[in-house]
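Before any comments, here is the structure.
The values are calculated or read from the model by the stated rules, or taken from the named source; none is laboratory data. The structure presented is a predicted model; accordingly, all values stated were derived computationally and were not measured. Reconstructed Cβ throughout: ideal geometry from the backbone, glycine too, with neighbour counts over all protein chains shown. Heavy atoms of the whole protein, side chains included, go into the accessibility calculation; ligands, DNA and RNA do not. Shrake-Rupley method; radii C 1.70, N 1.55, O 1.52, S 1.80 Å.
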Amino acid sequence: QAQKVDFFIANSKEVQARIKKFYRRDVRVIYPPVELPQIASVKRGNYYFIVARIVGGKGLRLAVEAAQRRNIQLKIAGVATGYYTEYKELSKQAKRNVEFLGYVTDEELARLYGGAKAFLALSTDEDFGITPVEAMLCGTPVIAYDGGGYRETVVNGKTGVFFKEATEESLIDAIDRLETLNINPQDCIDQAEKFSKERFKREIKQFVEKLTKQ
C-alpha cells in the first residue's frame with residue numbers, strides 16, 4: 001500500500017531515512033509545530049524534569065535510579081499508560097527526591113518546563129521528540145539520548161548535552177557535564193523557535209503550492 005502513496009512527508013530526517021530504506025521513496029521533511037501556553041516568567045528551580053508518557057518503563061527506571069544515585073531532585077509529569085505496573089513499582093521505591101506529579105495541565109506543564117534545571121529526553125528510538133523542543137522553548141536545556149530525532153533538535157554543548165548509552169552511568173555523566181556548562185536560555189529559545197507553528201504552516205503551504213503547479 002505504501003507504494004500507492006503519491007507523496008511522503010516525514011516529521012524528521014530520522015523518519016525520512018526509514019521511509020527511504022524500506023520503501024525507496026523520496027521524502028520531504030517538514031518538522032511538526034511546537035507551542036506552549038503563554039505564562040508569566042518562572043523562577044528557575046533545582047530539579048530535573050521528565051514527561052513520563054514518552055519515556056516508557058525502561059527510560060523511567062533509568063532516570064529514577066540515576067536521580068537516587070546522584071541525589072538530584074526529579075519531577076515526573078504524566079499519566080502511566082502501557083507501563084502502569086512499572087510506574088507503580090517505581091513510585092513506591094522512589095525516595096523523597098523523586099516526585100510523581102501525574103496529570104498536569106498545559107499551563108502547569110509550561111511552568112514545570114520553565115522551572116527545571118534541565119529536561120531529560122530518554123527515548124532510544126524517538127521519531128522527532130516534541131517535549132525537548134517544548135523545554136527549550138521555555139529556556140531550559142535538554143539532556144537527551146544521542147539518537148533519533150533528538151539529534152535534529154538539541155544542539156550539543158549549546159542547548160543541552162547527549163548521552164551515548166541507555167545506562168545509569170552514561171546518564172549521570174551527561175548530568176555532570178551539563179552542570180559544567182553555562183548554557184544561555186536564549187540560545188535554547190532561539191533553537192526551539194525554529195520549530196514554530198508559523199514555520200510549519202509556511203512550509204506545508206509551500207509544499208502544496210509546488211504540487212499544484214506541477
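Taking amide H positions as placed 1.01 Å from N in the peptide plane, with prolines and chain starts having none, which residues 5 or more places from residue 12, or on another chain, fall under 5 Å of its amide H?
Here 30 satisfy the definition.
By DSSP, what percent of the beta bridges with both residues in the chain are antiparallel, rounded to the nearest 5? Show your work: numbers first, answer last.
Values: 0 of 22 bridges.
The antiparallel proportion sits near 0 percent.
Only one of the values [x] 1.02; [y] 0.94; [z] 1.00 was calculated from this structure for Rg/Rh (Cα atoms, Kirkwood Rh); name its label.
[z]
Can you give the relative contact order of region 114-211 as a percent, counting alpha carbon pairs under 8 Å and 6+ residues apart? List each step's numbers first, then the result.
Details: 149 pairs, mean separation 26.0, N = 98.
Contact order relative to length: 27 percent.
Find the accessible area per residue for region 131-209; the probe is 1.4 Å, ligands and nucleic acids are left out, and the unit is Å². Walk me through the intermediate numbers first.
Working: 3640 Å² over 79 residues.
Result: 46 Å² of accessible area for each residue.
Would you grab the residues whose amide H sits under 5 Å from the one on residue 47? Only those 5+ places off in sequence or on another chain, please, with H modelled 1.01 Å from N.
117
Output the peptides 106-113, 21-28, 192-199 sorted from most to least packed, where packing is the average of other Cβ atoms within 10 Å over each peptide's residues. Could you put the intermediate results ahead of the total?
Details: 106-113: 18.5, 21-28: 11.4, 192-199: 15.4.
Taking the mean over residues of other Cβ atoms within 10 Å, the ranking is 106-113, 192-199, 21-28.
How much mean residue ellipticity at 222 nm does the chain get from its helices, if each DSSP H run of length 4 or more adds -39500 (n - 2.57) and you divide by all residues, to the nearest 500 deg cm²/dmol? Could you put the intermediate results ahead of the total?
Values: 9 runs with 95 residues, N = 214.
That calculation yields -13500 deg cm²/dmol at 222 nm.
Can you pull the one-decimal nm distance between simple spin-label points at residue 211 and residue 179, each 7 Å off the Cα toward Cβ?
Distance between label points: 5.0 nm.
Sort 128-135, 42-49, 144-151 by packing, meaning the average of other beta carbons within 10 Å per residue, with the highest value first. Write down the numbers at each step before the final one.
Working: 128-135: 26.4, 42-49: 16.0, 144-151: 22.1.
Per-residue Cβ counts within 10 Å, averaged per peptide and sorted highest first, yield 128-135, 144-151, 42-49.
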